[in-house]
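Asks: So that we are looking at the same thing, I have put the structure below in structure tokens.
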Amino acid sequence: MTRAKLDREALIEAAAAARELAYAPYSGYEVGAALLAASGRVYVGCNVENAAYPLSMCAERAAVFSAVSDGQRGFEAVAVVTQNGGAPCGSCRQVLLEFGAGTLVLIADVEGGYRETTVGELLPDSFSAADLE
Ligand code: THU
């Protein structure tokens with residue numbers, strides 16, 4: 001799929017719908033993610049918090065783990081929706097990087113406004129599989 005053909009608004013809408021399912025009783029900060037695989041399939045995730053705080057999981061990583069568990073290894077784009085357009089955390093950047101620095105990242109807020117970047121831009125000078133060769 002070319003970038004031009006990518007339906008950015010549909011991916012953001014899928015992330016917004018996933019955000020509605022967020023379980024964030026402790027922070028109150030709800031996050032939804034929608035990951036478009038090279039296969040064309042979309043995998044969603046939301047943040048899932050826990051009373052033992054460090055066990056909480058981010059929306060982006062939930063989406064990646066769901067996709068990889070379904071046999072996907074290549075990703076075109078990921079949309080992330082938060083109330084205020086917050087960017088993916090460092091851990092999620094690293095996990096996304098594992099599957100490609102070129103993945104497009106759409107960082108959106110609940111009003112539908114968004115900005116566009118890539119995983120590589122969000123995590124420059126990174127540690128990756130190449131360092132282990
Ligand atoms: N969170 C995400 O889901 N993704 C991020 O990239 C940043 C943070 C979640 C984790 C926690 O449930 C809440 O947002 C506040 O940190």
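Asks: What number of residues within the range 57-84 are within 13 Å of the ligand (Cβ to nearest atom), assigned to a strand (DSSP E or B) and open to solvent by less than 20 Å² (accessible area, probe 1.4 Å)?
Replies: Step one: of the range 57-84, the residues within 13 Å of the ligand (Cβ to nearest atom) are 57-65, 78-84.
Narrowing further to those that are assigned to a strand (DSSP E or B): 57, 78-82.
Retained after the next criterion (residues that are open to solvent by less than 20 Å² (accessible area, probe 1.4 Å)): 78-82.
Count: 5.
Asks: While we're looking at this one, here's another question. Which residues, counting only those in the range 1-56, are in a helix (DSSP H, G or I), in contact (Cβ under 8 Å) with a residue 24 or more places away in the chain and either over 12 Å from Val78 (Cα atoms) or open to solvent by less than 70 Å² (accessible area, probe 1.4 Å) (or both)?
Replies: Residues of the range 1-56 that are in a helix (DSSP H, G or I), as a first pass: 8-19, 53-55.
Keeping just the survivors that are in contact (Cβ under 8 Å) with a residue 24 or more places away in the chain gives 8-9, 11-12, 14-19, 53.
Arg8, Leu11, Ile12, Ala14, Ala15, Ala16, Ala17, Ala18, Arg19, Tyr53 - these are the residues of the range 1-56 that are in a helix (DSSP H, G or I), in contact (Cβ under 8 Å) with a residue 24 or more places away in the chain and either over 12 Å from Val78 (Cα atoms) or open to solvent by less than 70 Å² (accessible area, probe 1.4 Å) (or both).
Asks: Please go through the range 85-109 and give me each residue that is open to solvent by less than 10 Å² (accessible area, probe 1.4 Å) and part of a loop (DSSP other than H, G, I, E, B), ordered by number.
Replies: Selection gives Pro88, Thr103.
The values are calculated or read from the model by the stated rules, or taken from the named source; none is laboratory data. Fair warning: this is a prediction, and the values are worked out from it, not measured in the lab. Every residue, glycine among them, receives a Cβ derived from its backbone with ideal geometry; neighbour counts consider all protein chains shown. With ligands, DNA and RNA removed, areas are computed over all heavy atoms of the protein, side chains included. Shrake-Rupley method; radii C 1.70, N 1.55, O 1.52, S 1.80 Å.
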